[in-house]
1. Somewhere in region 489-511, is a residue at pLDDT 85 or above, surrounded by 19 or more Cβ atoms within 10 Å (Cβ to Cβ) and β-branched (Val, Ile, Thr)?
2. Return the residues of region 512-530 that are farther than 21 Å from VAL406 by Cα, buried (at least 19 other Cβ atoms within 10 Å of the Cβ) and aliphatic (A, V, I, L, M); say none if nothing qualifies.
3. Over 24 Å from LEU238 (Cα atoms), crowded, with 20+ Cβ neighbours inside 10 Å and within 29 Å of the chain's Cα centre (by Cα), is that true of ALA110?
4. Restricting region 418-444 to residues that are part of a strand (DSSP E or B) and touching a residue at least 40 places away in the same chain (Cβ under 8 Å), which is surrounded by the fewest Cβ atoms within 10 Å (Cβ to Cβ)?
5. Being more than 28 Å from the chain's Cα centre (by Cα), of a type in the set (D, E, K, R) and either modelled with pLDDT of 95 or more or over 14 Å from HIS298 (Cα atoms) (or both): is that true of ARG89 here?
6. Kindly evaluate ARG478 against the criterion of being surrounded by 13 or more Cβ atoms within 10 Å (Cβ to Cβ) and at pLDDT 85 or above.
7. Does LEU33 meet the test of being within 32 Å of the chain's Cα centre (by Cα), within 30 Å of GLN119 (Cβ to Cβ) and surrounded by 14 or more Cβ atoms within 10 Å (Cβ to Cβ)?
8. Wholly within region 180-270, which strands (runs of 3 or more DSSP E) include no fewer than the required count, namely at least 3 residues that are touching a residue at least 60 places away in the same chain (Cβ under 8 Å) and farther than 25 Å from ALA165 by Cβ?
Amino acid sequence: MQLKITNNIDLLLAVFPEHIRDTIMLTGEIDNLIEVVLDLGRVPCAYFDKGEVVISGNEINQSDIDGVVTRLGKFMGDNRAGIERTLHRISCIRNRQNKIIGLTCRVGRAIYGTIDIVQDLFETGKSILILGKPGVGKTTLLREAARILAQTKRVVVVDTSNEIAGDGDIPHPGIGRARRMQVQSPELQHHVMIEAVENHTPEVIIIDEIGRIEEAEAARTIAERGVQLIGTAHGNSLDNLTVNPTLADLVGGIESVTLSDDEARRRGTQKTVLERKSPPTFDILIEIQERDVLTVHHDVAEAVDNLLRNKPFSVETRQRDDEGQISIKQEIGNKPNMKENYKSRQRNSISNGRDSDVHYVDKSIGQSFDLEPENMAELQPLQSVNAYVYGANQGRLRTTVKALRVPLVLVDNLENADIIITLKSQYRRKPPPIIKAEENNMPLYILRSNTMPQMQSCLIDIFSLLPEQVDSLAVAMREARDAIRKILNGAKSVELSPQSARVRKKQHEMARRSNLISHSHGHDPQRRVRIYRH
């Protein structure tokens, strides 16, 4: 299918000073222009598909910026403005006195025909969520969906930054017969979403950039009222979305559940597992990998469940070639590791939660776990995780870390952290560190209370420990394994923690199998094993 592109590029060029406008036109690459950047005291730059071009050797002065601003619409709370009845977006940078000192002028294009690759999905009447990195074409696809669906249904577009239907009171023809509701400020987007349902009886609501928890809740309300919802959200993929604490509710939400011993044994998993909390807001999820390559999850609920249980799941890949021909392939996604994504860290050499080199059975406790690889040097230790603790008792957490012997490092700076651990009461208050962590998609671990059992459960989740690995025997054997690794890597000797005679016997056996020497020292209950080189 031949794509038709409308860009109104002449209207954007008209707002620039003459010397900048003329230079851009002389490049001969107008159709490939992406954006123009004007910063006070710097030379102006234009960005094309092929890269950056310096427009002029003269630095931008304040009069240049003020001249552009006077030709634009009003800048709103999101620091964005536009040109009436076009899709161009101009974003500003302000100084501390609120004066505009920089402009990013992005070319907006209505591309007719892009929806053909997924038009059958939009016509099912199911709610659809679109993910993809900035600039990959999410908003363009929304605009086309509005135009096509408005031919047969009542469609309302909630246009927060006027990116879908352009600036001004009259919507851009790119949305067809769809109606557009503007939003006074980004913080009110969720109110307008609900207002659209209550006041204008739409069959379809289209919303760009769902990014706040209030908007996620409004989206669920809309979907539960039987209205088809089509939207975009921050994130590149399904597993990326599930670890976002603000937006995870869009795909059903994720919660930690403690299983009974029988159920954990039946599933072959640890007792603490991740489960989907509720039905997803959206039925179908589209990941835009590239402009003409999309991945489709036809059943979001099933995909999330399989992702959480580390099971393979089916995905559909759709691709448009250079001749406009569309190919659709059904594929089995690689077996995901949800713990790695949800908890940010996972052991490198573990398969299904166990070291795969060797198997050991301790009949006294009726549990099976791995202890003694043939080549101990090839084993990888638990990967260190830096944690920023906000509101939780750090002394108790350090004690719990020491008891489980996991490499959790407490840091004082959020910028140096991999995760953040906080209390439920603190999380509800939304202090600045929590807000910043959520904005950066940093994994958050929320403790219900300041107790060591809660902290132990949290550490089990972070490091994906199986129940048997939390057992005192398993912890002791892991300590012995780590000591043997240190010696094989050059250490002369390592002394282990005090243990009972039964545990010391097993530690001696591990040392012998690695061709090392071990002796017990001290008196009970402080008697311990020391491991040496030959």
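The values are calculated or read from the model by the stated rules, or taken from the named source; none is laboratory data. Everything quoted here is computed from the prediction, not taken from an experiment. Methodologically, a virtual Cβ is constructed for each residue, glycine included, from the backbone with ideal geometry; neighbour enumeration extends over all protein chains shown.
1. yes
2. Selection gives LEU516 alone.
3. yes
4. LEU444
5. Details: more than 28 Å from the chain's Cα centre (by Cα): no; of a type in the set (D, E, K, R): yes; either modelled with pLDDT of 95 or more or over 14 Å from HIS298 (Cα atoms) (or both): yes.
No.
6. Working: surrounded by 13 or more Cβ atoms within 10 Å (Cβ to Cβ): yes; at pLDDT 85 or above: no.
For ARG478, the condition - surrounded by 13 or more Cβ atoms within 10 Å (Cβ to Cβ) and at pLDDT 85 or above - is not met.
7. Working: within 32 Å of the chain's Cα centre (by Cα): yes; within 30 Å of GLN119 (Cβ to Cβ): yes; surrounded by 14 or more Cβ atoms within 10 Å (Cβ to Cβ): yes.
Yes, satisfied.
8. Values: elements: 204-210, 228-233, 254-258.
The strands (runs of 3 or more DSSP E) meeting that bar are 254-258.
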